[in-house]
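J.: My questions will all concern the structure given below.
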Amino acid sequence: MSNIDKATVAKIARLARIKIEEDKLEPLAGELNNILGWVEQLDEVNTDDIQPMSSVVDAKLRWRQDEVTDGDKQESVLKNAPNAEYGFFAVPKVIE
Amino acid sequence: MSNYRIQGATGDWEVVLGLEVHAQVISNAKLFSGASTEFGAEPNAQVSLVDAAMPGMLPTINAECIRQAVRTGLALGAQINKFSVFDRKNYFYADLPQGYQISQFKHPVVGEGTVTLDLGDGKTKEVGVERIHLEQDAGKSMHDQHPQMTYVDLNRSGVALMEIVSKPDMRSPEEAGAYLTKLRTILRYIGTCDGNMEQGSMRADVNVSVRKPGDPLGTRCEIKNVNSIRFVRQAIEYEAQRQVDIIEDGGVIDQETRLFDPSKGETRSMRSKEEAHDYRYFPDPDLLPVEFDDAFIEAARESLPELPDDKKARFVEELGVSDYNASVLVGEKESCDYFEELLAALAAKTGKDAKKLAAKASNWVMGDLFGALNKASKSVSESPVSAKQGADLLALVEDGTISGRIAKDVFEIMFETGKDAEAIVEEKGLKQVSDTGEIEKIIDEVIAANPAQLEQYRAGKDKLIGFFVGQVMKATGGKANPGMVNQLLKPKLDG
C-alpha cells in the first residue's frame, strides 16, 4: 500500500513550486493516499507479458520535415511575460 | 592500460572517468518545433509557441533529428533501437519554460557502441558508449546584464541535443581528452554536430572518482558543462587530487554536482542543484513512441561518409602517407578535405598515380602550408592558397619546372598575394634551368673564378663540392636544377 506522509507532500509541493499551507498538508496526504490506493486496485490484474500501452487509439507518432516554418514572433512570445527587456524575458536574478 | 596515478600519502590512486557529452544536432529546425536552430539571432526571434511552452502547444518530432542520432549511433558501431520513448525530466529553472525537459530515459534511440581512442605512437584504446539519447536543449540565462534581473533568451530552447554517455572506461585526463577529441572528429565528419565548443554546441559533463587500483569503484562527482578539451583535462586533475586529499584525511566523498572554474582552475560544489536531481521521469503523454524500420536505418547507414579511422588506414596502407601525417590530417575534417582535394588535383594535373604523390603532398600540407597558416594564425579553411593552387605549385616541382627550393619562395608569394604559382614563376623568371649547356657554362665560370678551392678539392678536400654547388646555385639565382648540377659538376672538378 502506498503511504504518503506530510513530509512527502511538502517535498512534492516544493518540487512543483506549489505553495501549500502547513494545515493543508495532512488532509492532502490523506487525499493523495486515497487516489493512489484507488489506482493500486489495478495491481490485482496480471500484466505479465503485456507491453505498456502508449495510446488508446491505434496511432503512430507523426514526424515533421526538417523545415523552418515558425519563429520570428518575438512580440507574441514575450506578450504574456510579466517583464521583458531588450527582447529578453527579464526574471528575478537566478544565481548559481 | 593507462599508468596515470595520483600519488597519495597512502600510496597510488587510480582515477576512473566517464563522460556525458551533449552535442547539438545539426538540423534546420528544432527537435519538436518549426523554429530555426541558427546561432546568433536576435533574442527570442527563433522561438515558436511550442518552445515558449505556451499552454496547449503540442510537440511534433523532427524526422531529421532522429536520422542524425541514428547516423551517429551507426558511426560509433552502436546498437540502434527501432523503438524508443520520450520522457519528461522535471525540474525548475528560468530558462526551461516547460518546467520539464523532453528527454529519453528508459528507452534511448541508440544503445551500446564504441569509440577508439588514438593515444599517440599508434597506441589505441576502446572506450564503451553506454547510450545516446535525444533531448531538448534549454534556453540561455544571462546573469550579468542587469543588477537585479536575469535575462532569458529562448532561441536555444528546444534545439535537439544528443547526449552521448560513455562507460566509466577512461583512466587519465589524457584519455578523457582523447575521447572528446575523437568523438568531436567523428561527429564533424558525419555532419551530425559542428563540434564548436566555444559556442556551446558541444559540452561535457565529467564523472570523476578515485580508487586504489583493483578496488571497487569509489563515489563519483559530476563536473557539469565543461566547454573545452583543455578544461576537461584540468578539471579532472584538480578534482581527482581533491578527492584523494579528502579520503586520505579520513573523509568521505559526497556524490554531488560540481562546477569547474577555469579562471581559478578548481571545481566547486553546486549545492543549489541538489534538489533538482529529483527528476520524476515519466513517459511524455504528448508523444507516442518513436518507431522506424530497417530501411530507415540502412538509408542512414548509406548516407555516412568514410569514417576517420577508415580514412586514416587508407592513407597509410594505400597511399603510403606516414602514420603521423595521416593522424594529424584526419584529425581535422578541414585539413583532410584540403589534402584530398589537393592530391586529386595534383594527380589529375601530373597524370601520375596518387600513390606516388601522396607522401610528398602530405609533407607539403603538414610542413609548408600548416607552418605558414600557424604563423598567420589562420585555419585551413581560411588559407589564402586553395587546394587547387597548392596542387598547381606541387605539379611544377613534379615536372621539373621549378626546384623544391624555389617552390618554397613561390609559395610564400602565393600565401601573401593569393596569386597562382604559374603566374609567379613566369613573372619572376623562376623557371628551373635544366639546359645542360647553360649549366655547364656556369660551372666552368665558377671553377675558373675559384682556383684556390679547386686546388684544395683536388688535393683531397672533397667536401668542397658543396661549396661549388652553392656557388653555381647562387650564380643562377637558385634556378639551376640541383640534380643536374651535381651530375655535371663532379666530372669537371675531378678534371
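Read-outs: derived from the displayed coordinates by stated rules, not from any lab. Quick caveat, the model's predicted, so the values are computed rather than measured. When we count neighbours, we look across all protein chains shown, and the Cβ atoms used for this are built from the backbone with ideal geometry, even at glycine.
J.: Using the structure shown, decide if B:A29 is within 14 Å of chain A (Cβ to nearest Cβ) and either on the phi > 0 side of the Ramachandran plot or loosely packed, with under 15 Cβ neighbours inside 10 Å (or both).
T.: On the way: within 14 Å of chain A (Cβ to nearest Cβ): yes; either on the phi > 0 side of the Ramachandran plot or loosely packed, with under 15 Cβ neighbours inside 10 Å (or both): no.
So B:A29 fails the test.
J.: Turning to a different aspect of this structure: Considering only segment A:7-43, how many residues are over 20 Å from the mean Cα position of the chain (by Cα) and either within 14 Å of chain B (Cβ to nearest Cβ) or touching a residue at least 12 places away in the same chain (Cβ under 8 Å) (or both)?
T.: Residues meeting the conditions: 3.
J.: Which of the residues belonging to segment B:437-489 are of a type in the set (K, R) and either surrounded by 13 or more Cβ atoms within 10 Å (Cβ to Cβ) or closer than 16 Å to B:I402 by Cα (or both)? Don't jump to the end; show me each part of the working.
T.: We begin by selecting, within segment B:437-489, every residue of a type in the set (K, R); these are B:441, B:458, B:461, B:463, B:474, B:479.
Within segment B:437-489, B:R458, B:K474, B:K479 meet the criteria.
J.: For segment B:211-253, enumerate the residues that are over 21 Å from B:K264 (Cβ atoms) and buried (at least 16 other Cβ atoms within 10 Å of the Cβ).
T.: Residues satisfying the conditions are B:R211, B:G218, B:R220, B:I247.
J.: Looking at (1) within 18 Å of B:V115 (Cβ to Cβ); (2) surrounded by fewer than 19 Cβ atoms within 10 Å (Cβ to Cβ), find the lone condition where B:Y324 falls short.
T.: Only one criterion is unmet by B:Y324, namely (1).
Residue-wise test of (1) buried (at least 21 other Cβ atoms within 10 Å of the Cβ); (2) in contact with a Cys (Cβ under 9 Å, 6 or more places away or on another chain); (3) within 30 Å of B:V316 (Cβ to Cβ).
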{"site": "B:G8", "(1), (2), (3)": "no, no, no"}
{"site": "B:N44", "(1), (2), (3)": "yes, no, no"}
{"site": "B:D95", "(1), (2), (3)": "no, no, no"}
{"site": "B:G113", "(1), (2), (3)": "yes, no, yes"}
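J.: Need the failing condition index for B:M162 against (1) within 14 Å of chain A (Cβ to nearest Cβ); (2) surrounded by 24 or more Cβ atoms within 10 Å (Cβ to Cβ), just the number.
T.: Every condition holds for B:M162 apart from (1).
J.: Inspect segment B:90-101 for any residue being closer than 23 Å to B:I66 by Cβ, assigned to a loop (DSSP other than H, G, I, E, B), over 25 Å from the mean Cα position of the chain (by Cα) and of a type in the set (F, W, Y) and give the result as yes or no. Write out each step before concluding.
T.: Going residue by residue through segment B:90-101, those that are closer than 23 Å to B:I66 by Cβ are B:96, B:98, B:100-101.
Keeping just the survivors that are assigned to a loop (DSSP other than H, G, I, E, B) gives B:96, B:98.
Now narrow it down to the ones that are over 25 Å from the mean Cα position of the chain (by Cα): B:96, B:98.
In the following step, the residues that additionally are of a type in the set (F, W, Y) were identified as none.
Among the residues of segment B:90-101, not one is closer than 23 Å to B:I66 by Cβ, assigned to a loop (DSSP other than H, G, I, E, B), over 25 Å from the mean Cα position of the chain (by Cα) and of a type in the set (F, W, Y), which makes the answer no.
J.: While we're on this one: Based on what the data block shows, is B:A376 over 27 Å from the mean Cα position of the chain (by Cα) and of a type outside the set (V, I, T)? Lay out the reasoning, then the answer.
T.: Working: over 27 Å from the mean Cα position of the chain (by Cα): no; of a type outside the set (V, I, T): yes.
Against the criterion (over 27 Å from the mean Cα position of the chain (by Cα) and of a type outside the set (V, I, T)), B:A376 does not qualify.
J.: Take segment B:392-424 and flag every residue that is free of Cβ contacts under 8 Å to residues at least 40 places away in the same chain and among the hydroxyl-bearing types (S, T, Y).
T.: Matches in segment B:392-424: B:T401, B:T417.
J.: Just give me the residues in segment B:451-480 being part of a loop (DSSP other than H, G, I, E, B), out of contact with any helix residue (DSSP H, G or I) (no Cβ under 7 Å at 6 or more places or on another chain) and within 30 Å of B:V410 (Cβ to Cβ), in sequence order.
T.: Residues of segment B:451-480 part of a loop (DSSP other than H, G, I, E, B): B:459-461, B:476-479.
Subsequent filtering for residues that are out of contact with any helix residue (DSSP H, G or I) (no Cβ under 7 Å at 6 or more places or on another chain) retains B:459-461, B:477.
Across segment B:451-480, the qualifying residue is only B:G477.
J.: Out of curiosity, is B:G77 surrounded by fewer than 20 Cβ atoms within 10 Å (Cβ to Cβ), more than 8 Å from chain A (Cβ to nearest Cβ) and closer than 23 Å to A:E75 by Cα?
T.: no
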